[in-house]
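Throughout, read-outs are computed from the coordinates displayed, never taken from laboratory work. All values derive from a computational prediction rather than experimental measurement. Positions of Cβ are backbone-derived with ideal geometry, glycine not excepted, and every protein chain shown enters the neighbour counts.
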Amino acid sequence: MVCNSHIDIARAQSALNAISSDCDRETWVRILAAAKAAGLDFEVVHDWSAGATNYKGRKDVLSVWLGLKESGGITAGTLFHLAKSEGWREEDSHQWQQPKPTKHKGLHFCKPLIYMAPRTGLEPVT
């Protein structure tokens, strides 16, 4: 796996999304191999694949994904090369930013708040 930081993963996902999933099967398999080498996970690749007119289902994507070997000679560079040939620019990947903290009653949170209903005294005892 080539990419290991959130920014690298965001860059790879940006590149993948710039490539049309409507391609022949051989090209699609190469793109999956390049996406895997770039550190993208199955769900990202599946969601991208599902947009194709020739999409054959989750099981098909998973079967190909699990059959990909790191020693196949396809690297993350293939993903970026294909994306650039579709008009993707390196600058496009820098749109991703770390979520900003939100304020709530003077406190700072980086994750969404989860509402906890007040106890009523009617909850079952465990």
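Full extension from L68 to D22: what is 0.36 nm times the residue separation minus their Cα-Cα distance, to one decimal in nm?
Fully extending the segment from L68 to D22 adds 14.5 nm.
Label D47 and E91 with points 7 Å out from Cα along Cα→Cβ: what is the distance between them in nm?
Spacing of the two 7 Å Cα→Cβ label points: 2.6 nm.
Could you order peptides 17-23, 77-83, 59-65 by the average number of other Cβ atoms within 10 Å of their residues, highest first?
Ranked from most to least packed, the peptides come out as 77-83, 17-23, 59-65.
Given bins 5 angstrom wide, list per bin the percent of all Cα-Cα distances in region 6-95, short to long.
3, 15, 29, 27, 18, 7, 1
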